[in-house]
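Have a look at the structure below before the remarks.
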Amino acid sequence: MLTLQKDPMRYLPKSPADRTEMLEAIGVSSIEALFETIPAEYRLKGDLNIPRQHSESEVLDRFRAFAGNIASGDVAVLASQPASKQYASFLGAGAYRHYRPVVIDSLVQRGEFLTSYTPYQPEIAQGTLQAMFEFQTMICELTGMEIANASMYDGSTGAAEAVMMAVRVTGRNGAVVARTVHPEYREVLHTATQHQGIPATEVGYVAETGRVDLAALNAAITDDTACVLIQSPNFFGTIEDVTAIAEIAHKKGALLIVSIAEAVSLGIVKAPVEADIVSLEAQSFGVAVGFGGPYCGVIACKEKFLRQMPGRLVGETKDKNGKRGFVLTLSTREQHIRREKATSNICTNQALVALMTTIFLTVYGKQGLRELAEQNLAKAAYLRNTLTKAGAKPLFTGPSFNEFAINLPESAETANTKLLGKQIIGGLALAKWYPELGEKATLWCATELTTKVQIDAAAAVI
């Protein structure tokens with residue numbers, strides 16, 4: 001058993017005298033006093049009961065045992081498990097299971113990609129820079145925007161950064177946010193803006209369609225509104241009327257930000273060309289559903305907003321011999337520029353995850369991506385029809401892609417417990433974020449990996 005050494009502060013690079021001086025400066029008598037707000041029963045006392053260290057072979061054996069109990073819908077995991085351990089999954093809600101071509105891992109695990117960081121020196125980083133440039137180009141083609149970056153953490157931080165970008169662009173100081181935007185995206189937005197004095201007003205949805213309430217939206221926009229933030233397909237899986245929303249926002253001088261959580265939808269859904277800024281979660285393009293990350297956030301926008309875009313841009317140039325080359329054209333992160341001039345404090349390099357997306361899109365191509373989207377559309381339509389025949393009732397009439405909200409014959413939690421007993425991970429219960437929908441409301445998703453057998457089995461339980 002491992003035990004703590006006597007001095008719990010041994011890892012702090014401050015001497016006892018330094019600590020005493022710091023405590024006096026903030027008016028606290030001891031380090032323990034800093035934690036008085038935590039009830040005593042929850043504070044650590046004594047030694048940590050940490051198991052003994054394990055050898056590498058023992059660790060591998062433990063993880064193999066854990067893997068046998070994973071309730072996973074991932075095809076790679078399923079292939080390694082006996083039939084008795086295989087689970088079907090109908091979860092979506094911002095994280096989507098799609099087939100990942102094996103070439104993705106084969107390429108991104110090459111040392112020159114896997115170990116590279118920010119390409120400060122273009123003369124030795126042309127491969128990374130070109131991959132980022134191609135990524136930006138593909139994102140622009142998909143979204144209908146003129147420029148795109150490659151350095152947001154994920155879709156939620158991208159949406160928050162897009163709102164702050166709109167504030168800088170317009171000189172206004174407020175946002176109108178649709179309640180149909182992913183609830184966790186809205187929480188991240190609140191975290192990012194609450195101390196910057198950027199108020200956000202939420203507008204509801206039409207009970208029949210599941211789309212943004214246009215009348216409420218129009219009323220919520222004021223002369224101080226910098227932007228309108230929507231998601232399409234939205235959290236209910238419903239596709240918003242981007243054209244109508246853009247007209248309302250632009251008429252009042254506000255920018256329109258469209259957040260996209262399911263990137264595969266762009267294979268068949270019209271690109272939001274009317275938007276001023278698009279915030280995209282590209283996880284569906286070859287990035288595994290890995291316990292929340294790392295994912296791949298992107299911001300794309302009109303070129304006139306270039307100087308206020310967070311992150312960095314890779315541009316094409318020519319060297320002194322006239323050969324094509326790539327460089328960091330614009331880098332406005334704190335890592336590259338004085339803090340007071342930075343547009344973002346996101347300082348990590350998401351290029352490796354962006355490379356996964358680039359490989360995925362290269363493998364599928366334009367036609368392949370459209371066929372993939374059609375597969376998702378067809379599977380979701382069959383799932384909705386099958387569940388409806390089993391007694392469920394769709395909640396909204398608006399058009400959808402591969403995800404939809406539906407009322408089950410009983411509470412979502414009760415149904416999910418029964419489904420899990422049959423090795424099926426059911427839809428997401430919506431009552432937590434939308435209590436007005438009731439306990440029977442649930443969000444179901446089907447992708448190209450969802451089989452007819454799985455759908456029929458879920459309907460039989462329902």
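A few remarks follow.
- To the nearest 10, the accessible area of Arg172 is 50 Å² with a 1.4 Å probe.
- Per-residue SASA entry for Glu146, accessible area with 1.4 Å probe, Å² rounded to 10: 110 Å²
- Probe 1.4 Å, all protein chains present, accessible-area order of Leu387, Leu214, largest first: Leu214, Leu387
- The value of relative contact order for region 103-361, using C-alpha pairs under 8 Å at least six residues apart, is 27 percent.
- R0 of 51 Å, Cβ-Cβ distance Glu303-Ser57: FRET efficiency to nearest 0.05: 0.35
- Taking all protein chains as they are arranged and a probe of 1.4 Å, the heavy atoms of Arg168 leave approximately 80 Å² accessible to solvent.
- Bridge orientation summary for the chain: considering DSSP beta bridges with both residues in this region, about 60 percent are antiparallel.
- Ordering Val59, Pro272, Leu430 by the projection of their Cα atoms onto the charge dipole of the chain, which places +1 on the Cβ of Lys and Arg and -1 on the Cβ of Asp and Glu, puts Val59 at the extreme positive end.
- Figure note: Thr317, Thr115 ranked by solvent-accessible area, largest first, 1.4 Å probe, ligands and nucleic acids not counted: Thr115, Thr317.
- Proximal lysines relative to Lys418, as straight alpha-carbon distance under 27 Å, when same-chain residues fewer than 8 apart are discounted: Lys85, Lys379, Lys389, Lys393, Lys432, Lys440, Lys452
- Of Ser344, Ser106, the order by accessible heavy-atom surface (1.4 Å probe, DNA, RNA and ligands excluded), from most exposed downward, is Ser106, Ser344.
- Nearest-20 debye value, region 103-361 charge dipole, Cβ charges on Lys, Arg, Asp, Glu: 820 debye
- Rounded if a/c under 1.5, otherwise prolate or oblate - region 288-332, Cα gyration tensor axes: oblate
- Accessible area (Å², per residue) of region 103-361, counting only protein heavy atoms and a probe of 1.4 Å: 41 Å²
- Electrostatic dipole magnitude of the chain [Cβ: Lys, Arg +1; Asp, Glu -1; Cα centre; debye, to 20]: 600 debye
- Percent of beta bridges antiparallel (DSSP, region 103-361, rounded to nearest 5): 50 percent
- Near Thr222, once Lys and Arg are set to +1 and Asp and Glu to -1 for all other residues with Cβ below 11 Å from its Cβ, the sum equals 0.
- Close amide H partners of Leu256, meaning residues 5 or more places away or on another chain with modelled amide H under 5 Å apart, are Val228, Asp276, Ile277.
- Rough spin-label spacing in nm, given labels placed 7 Å along Cα→Cβ, for Ala457 and Arg324: 4.8 nm
- Cα gyration tensor category, rounded, prolate or oblate, for the chain with a/c compared to 1.5: rounded
- Extension gain for Lys422 to Ala33 (0.36 nm times residue separation, less C-alpha to C-alpha distance): 134.9 nm.
The values are calculated or read from the model by the stated rules, or taken from the named source; none is laboratory data. If you're wondering where the values come from, they're calculated on a predicted model, not measured in any experiment. Methodologically, a virtual Cβ is constructed for each residue, glycine included, from the backbone with ideal geometry; neighbour enumeration extends over all protein chains shown. Keep in mind that these areas ignore ligands, DNA and RNA; they rest on the heavy atoms of the full protein, side chains included. Shrake-Rupley method; radii C 1.70, N 1.55, O 1.52, S 1.80 Å.
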